[in-house]
Amino acid sequence: MLFMKLIEPIVSSAPEMAAIRRDLHAHPELCFHEVRTADVVAAKLTEWGIPVHRGLGTTGVVGIVKAGSSDRAIGLRADMDALPMQEFNTFAHKSTHPGKMHACGHDGHTAMLLAAAKHLATQRHFDGTVYLIFQPAEEGGGGAREMIKEGLFEKFPMQAVFGMHNWPGMQQGQFAVSAGPVMASSNEFKITIRGKGGHAAMPHNALDPVPVAASMVQAFQTIISRNLKPIEAGVISVTMIHAGEATNVIPDHCEMQGTVRTFSIAALDFIEQRMRTVAEHTASAFGMACEFEFRRNYPPTINSAAEADFARGVMAELVGADRVIAQEPTMGAEDFSYMLLEKPGCYVFLGNGDGSHRDMGHGGGPCMLHNPSYDFNDALIPLGASYWVRLAETWLAPQGR
């Protein structure tokens, strides 16, 4: 596909960056164990004359590219970790580690930021500092939160921070950006209903927790359909129910687990409170007790308006305004949200195409995120890297933005 205004040295270095990406794909590492990946990143940055700080969030890497005399700074973030799943692909760069796979494209995100880093270090057409944030443990580990706890924004003060994710199904060469919520909060619940076991043929002598669990599952859905404001978005999914060990025994307890997703903290507060009330009162109505646990993981990812508008302008200049579309919010979650709680910025999508880049040697199934036959589209590396460079250069333009 022909892109508009790609940066020629980045295009020329694309085969080198694709080789790095495929090497990372073949050697996936899980959250907080990205040792080899961090070594590769740090070695490349050092090779290009970029000072490196290591160790934030256990395996995080931050590269520092300075030019001019301004104290202004921007942060560009890529995630590095893989997923604990078996790869089905059969191409040459398939995972060499059983049960581990780059099924979300973090290998590609790392390669795009490395390509941008090389160009920024070579040309330095800006006035200020670009912080290249290679983050561990996005997949459930909260690596962004841990880097922040350990002083990311104190050690590397920046005015704004930006993130990007490839998006299968979006056309190759399209960008998507919007202000406001673009990804949901991620939360988990666990409910244990305490009854009294007994013979399944004599239920009147027992307190059966299973129908109580069934009542809760139904009642939880009314929180979304009848309690939450219709203009609010929320999901309650009960994904596990565990009870019993034999067909003729009523169990003495039943355990339910699942997830809750929202685009606002207010909606999350409301859903948690209502779920607790429904669970406790439903159990009580059947003469039982329950234990209600609710764990908040990632907050919603909320783009600040000014930075989203700024990113949109850079994208339009790069690929044309007609290829910059509105970012449809998704109920998936992303720990870049923690960075956006601390700094203005935005998180954007880059189209990964329809999967036709996997022309041979891949497994069955569509090229979707977290799918065992997923693979990043290497044709995006020059585009993603060009976006990072133009974003940084425009933000840190000598005359200000």
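Below, the figures for the structure above:
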read-out	value
Meets criteria (in the same structural domain as Ala78 (by TED's automatic domain parsing), closer than 24 Å to Lys44 by Cα and charged (D, E, K, R)) for Glu154	no
Of all residues in region 201-246 being touching a residue at least 60 places away in the same chain (Cβ under 8 Å) and of a type in the set (Val, Ile, Thr), the one that is surrounded by the most Cβ atoms within 10 Å (Cβ to Cβ)	Val212
Only listed residue being crowded, with 17+ Cβ neighbours inside 10 Å, among the charged types (D, E, K, R) and either at pLDDT 95 or above or assigned by TED's automatic domain parsing to the domain that holds His119 (or both), chosen from Glu328, Glu393, Glu293	Glu393
Lone qualifier among His97, His109 - being within 19 Å of the chain's Cα centre (by Cα) and in contact (Cβ under 8 Å) with a residue 24 or more places away in the chain	His109
Failed item, numbered, when Met164 is tested on (1) free of Cβ contacts under 8 Å to residues at least 40 places away in the same chain; (2) within 17 Å of the chain's Cα centre (by Cα)	(1)
Contacts under 9 angstrom Cβ, first residue in region 29-49 being in the same structural domain as Pro136 (by TED's automatic domain parsing), partner modelled with pLDDT under 95 and surrounded by 14 or more Cβ atoms within 10 Å (Cβ to Cβ), 6 or more apart	Cys31/Gly140
Wholly within region 170-266, strands (runs of 3 or more DSSP E) carrying at least 2 residues that are touching a Lys or Arg at 6+ places or on another chain (Cβ under 6 Å)	187-194, 253-262
Residue count, region 339-348 (criterion: buried (at least 21 other Cβ atoms within 10 Å of the Cβ) and either farther than 13 Å from Ala179 by Cβ or in contact with a helix residue (DSSP H, G or I) (Cβ under 7 Å, 6 or more places away or on another chain) (or both))	5
Ala82 of a type in the set (Gly, Ala, Ser), touching a helix residue (DSSP H, G or I) at 6+ places or on another chain (Cβ under 8 Å) and either in the same structural domain as Met158 (by TED's automatic domain parsing) or over 22 Å from Gly351 (Cα atoms) (or both)	yes
Which numbered condition Glu146 misses (of (1) surrounded by 24 or more Cβ atoms within 10 Å (Cβ to Cβ); (2) touching a Gly at 6+ places or on another chain (Cβ under 8 Å))	(1)
Condition broken by Thr90, with the remaining ones in (1) surrounded by fewer than 18 Cβ atoms within 10 Å (Cβ to Cβ); (2) among the polar types (S, T, N, Q); (3) at pLDDT 95 or above satisfied	(3)
Single match in Phe376, Phe310 (criterion: aromatic (Phe, Trp, Tyr), assigned to a loop (DSSP other than H, G, I, E, B) and not assigned by TED's automatic domain parsing to the domain that holds His204)	Phe376
Residues that are closer than 14 Å to Thr37 by Cβ and of a type in the set (Phe, Trp, Tyr), drawn from region 97-148	Phe134
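The values are calculated or read from the model by the stated rules, or taken from the named source; none is laboratory data. Because the structure is predicted, anything quoted here is derived from the model rather than measured. Here Cβ is always computed from backbone atoms with ideal geometry, including for glycine, and neighbour counts include all displayed protein chains.
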